[in-house]
Amino acid sequence: MTELQLETTIVDLPTTREHAFATSTLRQRSLVIVQLRSEGLIGIGEGVVPGPWWAGESAETMKLVIDKLLAPSLSELSALAPRAGLAAMHRAVSGNHFAKAAVEMALWDLTGKRFGCSIADLLGGACRTDIPITWSISAAVEDDCTSALAEAEQRAGEGFGAFKFKMGALAVDDDIAYVTQVREKLADVATIVVDPNGAWDEPTALRALRELAANGVRIAEQPVPRWNVSALARLRQSLDMIVMADESAQSSHDMADLLRRDAVTAVSVKLPKAAGLLQAAAMADIAIAGGIAVYGGTTMESSIGAAASAQLYSVWPTLLGCELVGPLLLREEVVTEPICYRAGRLQVPSGPGLGIDLDDDKLRFYARADV
Ligand code: MN
């Protein structure tokens, strides 16, 4: 039995702007902050979802599952570490990957602090100290693209060399026109990604992506629903662009299946959808072994989750792209020093564990009152 104390706090953070997806719009960021105390150290983690539409989890479900099911499962361990902790959580409850990832993150932070080294060092050491970031443009919910145009130009001026357009909220022809209009303002060298979050059926995806590829879009992320791997495989054969899985790749088993079916050329890896860093790393290893490019995805993290993801993404020898923009879309955070960006590149924190510290006053200020 291990002496541990696990505390969860829901915080609601104000954002710089709304961020629309195909089916829903993010207006504030609700996170579950995990503090895991053991042997005089505190490991921190973050539970974060783009919205309940993504995997059925929300800040409220994550807090409940962590408090009632995951925290008790850890108290039976003889030593607190990510691998044993994840196994204990899987024994206690099925699914709930985003909640498990929050606790696993705190276990990694705790382990790094115990050994006085970063999570990247625990993984064998980083291949890079900074990561070029793909800027994410909110999905269009109306035809007017004035503000998206201004934002894209501003971020290109700051040094961002890759852009991702969320799609799927408008009728498809209006959506294509919108993306094309903004894309024309960006330099030809910019890498362009589109992500309709599975909003299109196969014929719509084929038609839209042919047109978008001709307009300079290089990567198509999850054009069809997550279950339709056969359609992904056909699109990959038909299109002159990179076809990338996101929702279709949530585990090592998904990754192996995508590989067997030759369904994609790239995969977006994210810690939360894979129940944490260990399984995200395993997914990436399978992808790399099969010649599939890995891309560092986002679930709209704060600096805590972005630091955890950046620690993993920094150890891969090659990286197709990375979209850890979450902290840049927050007006306030609950950490002492938010993650640092310079000229469109994220600086990977080098301190022990995540390399990020909580600000207790801000945590109290932004803590949700009614839970
Ligand atoms: Mn996606």
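The values are calculated or read from the model by the stated rules, or taken from the named source; none is laboratory data. Small disclaimer: the values here were computed from a predicted structure and weren't measured. Here the Cβ is made from the backbone with ideal geometry for all residues, glycine too, and neighbour counts use every protein chain on show. Quick note on the areas: whole protein, heavy atoms, side chains included, nothing else; ligands and nucleic acids left out. Shrake-Rupley method; radii C 1.70, N 1.55, O 1.52, S 1.80 Å.
Descriptive notes on the structure:
- Within the stretch 261-302, restricting attention to residues that are more than 12 Å from the chain's Cα centre (by Cα) and under 21 Å from S350 (Cα atoms), the residue that is farthest from the ligand (Cβ to nearest atom) is L278.
- Residues that are open to solvent by 40 Å² or more (accessible area, probe 1.4 Å) and at pLDDT below 95 within the stretch 215-227 comprise just one, N215.
- Check on V172, open to solvent by less than 20 Å² (accessible area, probe 1.4 Å) and either at pLDDT below 90 or not polar (S, T, N, Q) (or both): no
- L259 falls short of the stated requirement of being within 28 Å of T336 (Cβ to Cβ) and open to solvent by 10 Å² or more (accessible area, probe 1.4 Å).
- Hits in the stretch 262-284 (condition: aliphatic (A, V, I, L, M), open to solvent by 10 Å² or more (accessible area, probe 1.4 Å) and in contact (Cβ under 8 Å) with a residue 60 or more places away in the chain): L278, A281
- For D254, the stated conditions hold: it is open to solvent by 40 Å² or more (accessible area, probe 1.4 Å) and within 15 Å of the ligand (Cβ to nearest atom).
- Every test in (1) part of a helix (DSSP H, G or I); (2) more than 21 Å from D144 (Cβ to Cβ); (3) at pLDDT below 90 is passed by A205 save one, and that test is (3).
- Residue match in the stretch 149-160 (condition: open to solvent by less than 50 Å² (accessible area, probe 1.4 Å), under 19 Å from T25 (Cα atoms) and either β-branched (V, I, T) or touching a Gly at 6+ places or on another chain (Cβ under 8 Å) (or both)): no
- Residues located in the stretch 184-196, provided they are modelled with pLDDT of 90 or more and either of a type in the set (D, E, K, R) or more than 16 Å from the ligand (Cβ to nearest atom) (or both): D195
- Residues in the stretch 228-246 that are open to solvent by 10 Å² or more (accessible area, probe 1.4 Å) and not hydrophobic (A, V, I, L, M, F, W, C) were compared, and the one that is nearest to T180 (Cα to Cα) is D240.
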